[in-house]
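Read the structure below first, then the notes.
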Amino acid sequence: MPAKTQQKRKKSETPRYLEELEDFFRESVRAEANRVSYKSLSPEALQSCLELGFCNGDLKSLLRTCRDPNNEELDEEEIDDMLEALHENGTTINQPFCFAPGAVAIKQMLVSNRVVHHERVEYYTHDIEVGIYASKNVKKDGKENDFAEWHWDENLNYTIQLTGEKEWKTARGEANPLSSGMNLTSPRNAYEKKRNRSRELWGNTLNCNGLKREKKYDLSPSTEGDSKSERLKPGMMIRVSPGEWHRVEACETGKKDEVTISINVRLAHITPARWAAECIFSGLAIKFYGSHRDVHRQMINDSKSSSDASFDSHLNFCASPKFIADAKRKCPLLRILPFDAKISNGLILGNTASNLLAYAENASTNETVTPVLKTEGCATLKIFANRLCAIEVTDYSEIGSEEKGFEKMKCMKITSTSTLSNFDYMNTFYIVLDDEDFSQELVQCFADEKYEDDDANDRGVELEHVSKKCARMLDVLVDHGIAIVLSSSDDDED
């Protein structure tokens with residue numbers, strides 16, 4: 001084969017490191033019993049990972065691709081201060097939001113290929129972030145290393161060692177309700193005092209071997225026998241489940257001024273208990289707090305008996321099978337939508353409607369809207385946004401993307417925030433309405449959702465007909481938990 005043809009084919013192929021990462025993700029998701037698992041990239045995959053994905057391991061260049069939690073780029077002074085603290089004192093650099101080409105490619109691969117789509121962990125992908133850690137062993141300089149003490153994280157973590165070496169100690173986690181799967185940047189420390197009874201670990205006075213702990217709030221493995229140790233070298237990967245104890249420290253390798261750099265991939269999921277609480281609360285909010293008058297009446301009670309009666313009415317309403325079925329149907333679990341890096345801006349994600357239609361066909365997204373349209377006696381469709389989602393029409397300029405050609409187009413802005421904790425369940429997502437055949441029709445599906453004054457039940461938007469393209473786009477939104485589509489007859493039965 002001619003060299004030019006060979007080179008052209010290589011450029012169109014998926015990078016080697018992404019292929020091997022995908023294999024590791026798929027294998028580890030299926031290996032439910034292995035809560036901590038390891039694998040190594042081939043030398044060729046590690047080289048492509050560094051060169052194509054992560055600035056050839058140049059730390060300063062990598063930091064220039066990172067954003068803070070407000071989606072702001074790091075300035076040069078911040079970066080210089082971090083590097084100085086790292087080299088002088090061994091202070092670890094932790095940047096949880098990296099947008100180097102490899103970080104974005106890993107996130108896209110996980111979402112678009114539905115790599116973690118599995119019957120036992122279907123909803124791991126409601127939020128995915130990729131970050132970097134940089135640390136240095138300074139013991140040879142007579143200083144203490146800045147290591148990660150025993151802790152556990154709320155979400156599923158994958159770490160890829162790029163440069164240098166780290167010692168990972170891991171120990172089996174204990175059953176606890178705190179490993180909620182939420183994508184947080186602050187881990188739970190082993191010595192954290194518990195704040196209420198429900199947040200205590202079931203064995204908070206025992207270690208992993210059932211032996212009594214010396215300190216009341218010391219929840220880490222108490223002996224070396226409790227833990228396993230693995231030295232991660234460049235190219236090695238580790239998977240750590242939510243709630244699993246781990247302790248991480250940079251190793252001395254004999255190389256002068258060596259910095260250890262690792263990539264951290266955080267996959268967030270939502271536990272059934274948390275989502276059940278969200279479903280119930282959102283339903284109560286619709287039922288009892290539909291107007292300013294209702295809020296005032298529920299908040300102000302002039303006697304204990306009135307307060308007790310109000311509380312009882314809420315609990316009794318929750319016990320209704322009809323209420324539970326309605327709450328479950330109108331508050332489905334969320335999954336992140338496939339995004340286009342060119343139409344995204346750091347933590348703000350976006351894609352075109354035409355791209356999402358193509359995704360629907362490539363991913364064989366189930367048809368959910370068309371069958372409803374064909375249902376005998378179905379006069380109209382009722383379309384709802386997920387009760388935990390807000391959908392509004394806005395301008396393309398709001399994304400902040402530098403991609404040209406869409407400046408005059410409208411977008412559908414999708415957000416999802418907890419009604420209980422104000423926690424964002426997914427990145428703000430924009431769908432660029434680039435297909436005139438159905439853009440206006442799609443907007444109409446979510447425009448001016450109506451609510452009855454009397455009982456404040458969400459009624460959605462009623463439409464008598466939608467085009468085939470619009471139906472497929474609604475299929476995508478339904479498949480990802482963002483929208484609910486019912487026939488009017490189905491909704492009337494409730």
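Coordinate-derived values only; no laboratory data. If you're wondering where the values come from, they're calculated on a predicted model, not measured in any experiment. Don't worry about glycine lacking a Cβ; one is built from the backbone with ideal geometry, like all the others, and counts go over all protein chains shown.
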Neighbour counts of other C-beta atoms within 10 Å: give me Arg472, Arg335 arranged from fewest to most. Arg472, Arg335
Return the sequence-ordered ³J(HN,Hα) values of the range 251-261 in whole Hz as given by the Karplus equation 6.51 cos²θ - 1.76 cosθ + 1.60 applied to θ = phi - 60°, using x for Gly and Pro. 9, 7, 10, x, 7, 5, 6, 5, 10, 9, 10
Which order do the peptides 86-97, 394-405, 474-485 come out in when sorted by mean C-beta neighbours inside 10 angstrom, highest first? 474-485, 86-97, 394-405
Give the long-range amide H neighbours of Leu162: residues separated by 5 or more places, or on another chain, with amide H under 5 Å away, using H modelled in the peptide plane at 1.01 Å from N. Gly235, Ile261, Ser262, Ile263
Label Ser467 and Arg172 with points 7 Å out from Cα along Cα→Cβ: what is the distance between them in nm? 5.8
Strictly over 23 Å apart at the Cα level, which of Lys107/Lys136; Lys107/Lys255; Lys39/Lys166 would you flag in this model? Lys107/Lys136; Lys107/Lys255
Signed unit charges on C-beta, dipole axis of the range 315-441, positive-most listed residue Gln440, Cys389, Asn427: Cys389
Phi to ³J(HN,Hα) by Karplus 6.51 cos²θ - 1.76 cosθ + 1.60 over the range 265-276, Hz, x for Gly, Pro: 10, 10, 10, 9, 10, 10, 6, x, 5, 5, 6, 4
Estimated vicinal HN-Hα couplings, Hz - the range 436-442 in sequence order (Karplus 6.51, -1.76, 1.60; Gly, Pro = x): 5, 4, 9, 4, 5, 5, 5
Sorted by packing (mean other beta-carbon atoms within 10 Å per residue), highest first, where do 20-27, 41-48 land? 20-27, 41-48
Going fewest to most other Cβ atoms within 10 Å around each Cβ, Phe311, Phe99 line up as Phe311, Phe99
For the pair Ala285 and Arg64, the simple spin-label estimate (label points 7 Å beyond Cα toward Cβ) gives in nm 4.2
With each label point set 7 Å from Cα along the Cα-Cβ vector, what nm distance links Glu436 and His314? 5.2
